[in-house]
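**Q** One structure coming up, written as structure tokens, with questions to follow.
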Amino acid sequence: MFLKLLRKLPTAVAVLFGAAGLWVAVQAWKENAALRAYKQALSEVEVIPPAGFPAQDQESVEIAKVLFSIEAPATVDGPYYDASLGDRGLTTGGLILPQKKVTVGAAAFSSWAVLGSTLAHEIEVHVEQSFFAVVARDHLSRWQVEARRRLSRVFPAVAPTAAELFEHDGTWKAERDAYMHEIRNAKRFGLSQDEVASIWRVMDYFYPSNHPKNSDPQLSASSESKGEASPSEAVSSSEL
């Protein structure tokens, strides 16, 4: 009897672990679905900001966080106002550890809407991104492009297209994801049409795409002008 039970033990253990794994997967799916629903609902909430322009100080940053329901994870240092920062916002951190630092520059204080949008760009998107994955994809993309360039000397058909020079790049995708988050949440922040168009121009100039724009009117405010002089985000291997 004991030997029979012993023979069945591996099967019983496998079934138990399988059931536990399935339960964990279902719970994770439910949590992700709830999070997506929450973010979708949040993007539809229209907030009425204080009258006037935000003062360029740390207090305005804290007010905007509360005003637009932006919660920084425990791994985030900041966000802090940095008067010396030339860009709207900046997220820095190591490639492996989850700790990141978020700073906000003077350019983000042009309105409460832009300040909230900038904080969401950094905290709700860049903080959640894996810098290791971004950098790894950068290097992989460059290796692939260079290999195809060399191979195209013998087989011209494999030469990389103009779009492939940037659309497989990790930084390109990371930044477009963050800018599109701002655009999709335009109603939530109360961004004006000019402000949305400005975000489109910056994104399309520095992180262009050959793909057609989304048919959603909210996502079709991109201007044909490419006149931005500098990106709203400074980017390097450990900065987004």
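The values are calculated or read from the model by the stated rules, or taken from the named source; none is laboratory data. Because the structure is predicted, anything quoted here is derived from the model rather than measured. Every residue, glycine as well, gets a Cβ built from its backbone with ideal geometry; the counts of neighbours run over all protein chains shown.
**Q** Yes or no: the range 33-42 includes at least one residue that is farther than 25 Å from Glu195 by Cα, surrounded by 20 or more Cβ atoms within 10 Å (Cβ to Cβ) and either modelled with pLDDT under 95 or in contact with a strand residue (DSSP E or B) (Cβ under 7 Å, 6 or more places away or on another chain) (or both).
**A** No: zero hits.
**Q** Against the definition (at pLDDT below 95, closer than 17 Å to Ala174 by Cβ and either hydroxyl-bearing (Ser, Thr, Tyr) or part of a loop (DSSP other than H, G, I, E, B) (or both)), how does Leu140 come out, yes or no? Give the steps one after another, and end with the answer.
**A** Details: at pLDDT below 95: yes; closer than 17 Å to Ala174 by Cβ: yes; either hydroxyl-bearing (Ser, Thr, Tyr) or part of a loop (DSSP other than H, G, I, E, B) (or both): no.
Taking the combined requirement at face value, the residue does not satisfy it.
**Q** Another one. Being under 16 Å from Gly116 (Cβ atoms) and touching a helix residue (DSSP H, G or I) at 6+ places or on another chain (Cβ under 9 Å) is the filter here; which residues of the range 62-79 pass it? Let's see the steps before the verdict.
**A** So the first thing to find is which residues in the range 62-79 are under 16 Å from Gly116 (Cβ atoms), and the list is 62-72, 78-79.
If the condition is that a residue be under 16 Å from Gly116 (Cβ atoms) and touching a helix residue (DSSP H, G or I) at 6+ places or on another chain (Cβ under 9 Å), then Ile63, Ala64, Lys65, Leu67, Phe68, Ser69, Ile70, Glu71, Ala72, Gly78, Pro79 are the ones that fit.
**Q** Could I ask something else about it? Output the number of the condition that Ala72 fails; it satisfies all remaining conditions of (1) more than 16 Å from the chain's Cα centre (by Cα); (2) surrounded by 13 or more Cβ atoms within 10 Å (Cβ to Cβ).
**A** It fails just one condition, (1).
**Q** Separate question: Select from the range 49-72 the residues that are closer than 16 Å to Arg188 by Cα and part of a loop (DSSP other than H, G, I, E, B) and list them in ascending order.
**A** Pro49, Pro50, Phe68, Ser69, Ile70, Glu71 - these are the residues of the range 49-72 that are closer than 16 Å to Arg188 by Cα and part of a loop (DSSP other than H, G, I, E, B).
**Q** Which of the residues spanning the range 76-98 are part of a loop (DSSP other than H, G, I, E, B), under 24 Å from Gln129 (Cβ atoms) and modelled with pLDDT of 95 or more?
**A** Answer for the range 76-98, where residues must be part of a loop (DSSP other than H, G, I, E, B), under 24 Å from Gln129 (Cβ atoms) and modelled with pLDDT of 95 or more: Asp82, Leu85, Arg88.
**Q** Something else about it: Among the residues of the range 187-228, write down those that are in contact with a helix residue (DSSP H, G or I) (Cβ under 8 Å, 6 or more places away or on another chain), in a helix (DSSP H, G or I) and modelled with pLDDT of 65 or more.
**A** Result: Lys187, Arg188, Phe189, Glu195, Val196, Ile199, Trp200, Val202, Met203, Phe206.
**Q** Just checking, how many residues over the range 111-137 are more than 18 Å from Arg176 (Cβ to Cβ), assigned to a helix (DSSP H, G or I) and touching a residue at least 60 places away in the same chain (Cβ under 8 Å)?
**A** Of all residues in the range 111-137, those more than 18 Å from Arg176 (Cβ to Cβ) come to 111-116, 119, 132.
Still in the running and assigned to a helix (DSSP H, G or I): 112-116, 119, 132.
Subsequent filtering for residues that are touching a residue at least 60 places away in the same chain (Cβ under 8 Å) retains 112-116.
The number of residues fulfilling the criteria is 5.
**Q** One residue is enough: does the range 170-177 have a residue meeting the conditions modelled with pLDDT of 85 or more, surrounded by fewer than 13 Cβ atoms within 10 Å (Cβ to Cβ), outside any loop (DSSP other than H, G, I, E, B) and not β-branched (Val, Ile, Thr)?
**A** No, the conditions are met nowhere in the range 170-177.
**Q** On to the next question. Assess whether Val127 counts as being more than 17 Å from Phe189 (Cβ to Cβ), at pLDDT 95 or above and not polar (S, T, N, Q).
**A** yes
**Q** Return only the number of the condition from (1) at pLDDT below 95; (2) under 28 Å from Glu122 (Cα atoms) that Gln56 does not satisfy.
**A** Going through (1) at pLDDT below 95; (2) under 28 Å from Glu122 (Cα atoms) one by one, Gln56 breaks only (1).
**Q** Hey, another quick one. Filter the range 89-107 for residues that are surrounded by 21 or more Cβ atoms within 10 Å (Cβ to Cβ), under 18 Å from Glu59 (Cβ atoms) and touching a residue at least 40 places away in the same chain (Cβ under 8 Å) and give the result.
**A** Gly89, Val104
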